[in-house]
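Asks: Let me begin by handing over the structure; questions about it come next.
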Amino acid sequence: MTGDYIYNMKRVVITGLGAVSPIGNTVKEFWDNAKKGKCGIDFITRFDTTDFKVKLAAEVKEFAPTLYMDKSRLRRTDLFTQYALAASTQAVEDSGLVAKAVDDGEAVNIDPEKFGVYLSSGIGGITTFYDNCIGLHTTGPRGVSPFFIASMIENIAAGEVAIKFNAQGLSLTTVTACASATNSIGEAFHAIKVGKATAIIAGGAEACVTPLVVAGFTNCMAMSTKNEPNDTSVPFDKRRNGFVVGEGGGAIILEEYNHALKRGAKIYAEIVGYGNTCDAFHVTAPVEGGKGAARAIKIALKEGKLNGENLYINAHGTSTPLNDKAETQAIKTALGDKKAKAALVSSTKSMIGHCLGAAGALEAIASIMALKEGIVPPTINYKEVDIDCDLDYVPNKARKAPHITSAISNNMGFGGHNACIAFKKYNAN
């Protein structure tokens, strides 16, 4: 199979969305608050931060897991899986897909064996891991839950979602740190494009606002210690000095175009390109000039037959000194200076923090909704221009942009992973 072989295959569209985020626990809430520039960052409530340099996170608020699962399952699942189940349930219900068992007596509109789940997490069940380590240390082996392994492993969210929706087809958990969900969506796109699946629930979930994670990121000097809720996550701003950790879950339904048409599904957008590269340079720092990210963007644009005009870019935009500079350079390298400066670029991490393995899913949803409504969400908290970050970052207020016809979403992860997915406004022709 040559590199261009998959470029002439099936069309793939988005027919369902689901979100649990620091600024809303449905897609409507998340998107409405993103357009308003609401900040979901505040002081940590999950644990006592007295001895911690970092005291902020973007936590999910007022999450009601029993809307999506019974209490017995709730006791056996880590919070990241609960977020995944919630987001996936919303997305499946939004899409109208049904792959129930025949004896359930419900009409089926997708073959269960052609219905897949590609859900990722950067860290997985870290709360379960942490709690059971404490249990082992304090009370010995009997202090470890019998549900420990099945709650902690990163693929369990995909497994739980597949069970709930009888999705017997392709199943994959991609773990590429902060690029995980973007890789999952991209791999799902390619699987449908070559005919290996009809529809796939894709995205990611993360629940890592824990003492261990916050201490770990703090001590490797990745997180900001500024501790001012409305002035700490400042992507592309000269004052940036580290990210704010977030959490949540996002799921999108990717579906083969003709199948969606035949069942009368609503279509949000078309996914048309996917780039996946590695810097092969450093475990935490991007390669000079963002060369790896630039290649991922170019690959996604080429596959999508997009020329970089009328483009919205949902940036990785972590609010770290090296990342934001490298990503700006990558965008300019991929598009050329003129098109890069004409593009609208924003970072939703200014509002929801860095949701790690869920980031790419929530940011894909923001990209899709921006295309659908012709409104670009802002980069909030932006005050001071950095000469190394000289693009249009849609500062502080959402912008009406009916001219945008395509969007890309970038993510980069520890280990040098780069991922980019490309969408275009849906056109039946």
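Taken together, the values in this text are just the output of simple stated rules run on the coordinates, not laboratory data. Keep in mind that this is a model prediction, so the values were computed, not measured. As a convention, Cβ positions derive from the backbone with ideal geometry for all residues, glycine included, and neighbour counts pool all protein chains shown.
Asks: Please specify each residue of region 182-201 satisfying the condition of being of a type in the set (A, V, I, L, M), more than 14 Å from residue 251 (Cα to Cα) and assigned to a helix (DSSP H, G or I).
Replies: 191, 192
Asks: Still on this structure, I have one more. Looking only at region 307-337, which residues are touching a residue at least 24 places away in the same chain (Cβ under 8 Å) and among the acidic types (Asp, Glu)?
Replies: If the condition is that a residue be touching a residue at least 24 places away in the same chain (Cβ under 8 Å) and among the acidic types (Asp, Glu), then 309, 324, 327 are the ones that fit.
Asks: Which condition number in (1) on the phi > 0 side of the Ramachandran plot; (2) surrounded by fewer than 17 Cβ atoms within 10 Å (Cβ to Cβ) is the one that residue 177 fails?
Replies: Condition not satisfied by residue 177: (2).
Asks: How many of the residues in region 245-265 are in contact with a Lys or Arg (Cβ under 8 Å, 6 or more places away or on another chain) and within 15 Å of residue 362 (Cβ to Cβ)?
Replies: Counting residues in region 245-265 that are in contact with a Lys or Arg (Cβ under 8 Å, 6 or more places away or on another chain) and within 15 Å of residue 362 (Cβ to Cβ) gives 1.
Asks: Only residues in region 286-305 that are free of Cβ contacts under 8 Å to residues at least 40 places away in the same chain and of a type in the set (D, E, K, R) count as the first member; pair them with residues that are crowded, with 21+ Cβ neighbours inside 10 Å and assigned to a helix (DSSP H, G or I), Cβ under 8 angstrom, at least 6 apart or cross-chain, and list the lot.
Replies: Sorted first by the residue in region 286-305, then by its partner, the pairs are 288/326; 298/334.
Asks: What single numbered condition from (1) free of Cβ contacts under 8 Å to residues at least 60 places away in the same chain; (2) farther than 27 Å from residue 125 by Cα; (3) assigned to a loop (DSSP other than H, G, I, E, B) fails to hold for residue 241?
Replies: Here residue 241 clears every test but (1).
Asks: Mind listing just one residue for me: the one in region 287-318 that is more than 20 Å from residue 358 (Cα to Cα) and part of a loop (DSSP other than H, G, I, E, B) and, of those, nearest to the chain's Cα centre (by Cα)?
Replies: If we take residues in region 287-318 being more than 20 Å from residue 358 (Cα to Cα) and part of a loop (DSSP other than H, G, I, E, B), then 304 is nearest to the chain's Cα centre (by Cα).
Asks: Still on this structure: For residues in region 207-247 being under 22 Å from residue 315 (Cβ atoms) and in contact with a Phe, Trp or Tyr (Cβ under 6 Å, 6 or more places away or on another chain), which is surrounded by the fewest Cβ atoms within 10 Å (Cβ to Cβ)?
Replies: Per the stated criteria, the residue is 237.
Asks: Looking at (1) crowded, with 24+ Cβ neighbours inside 10 Å; (2) under 23 Å from residue 32 (Cβ atoms); (3) not small (Gly, Ala, Ser), which is the one condition that is false for residue 375?
Replies: Here residue 375 clears every test but (1).
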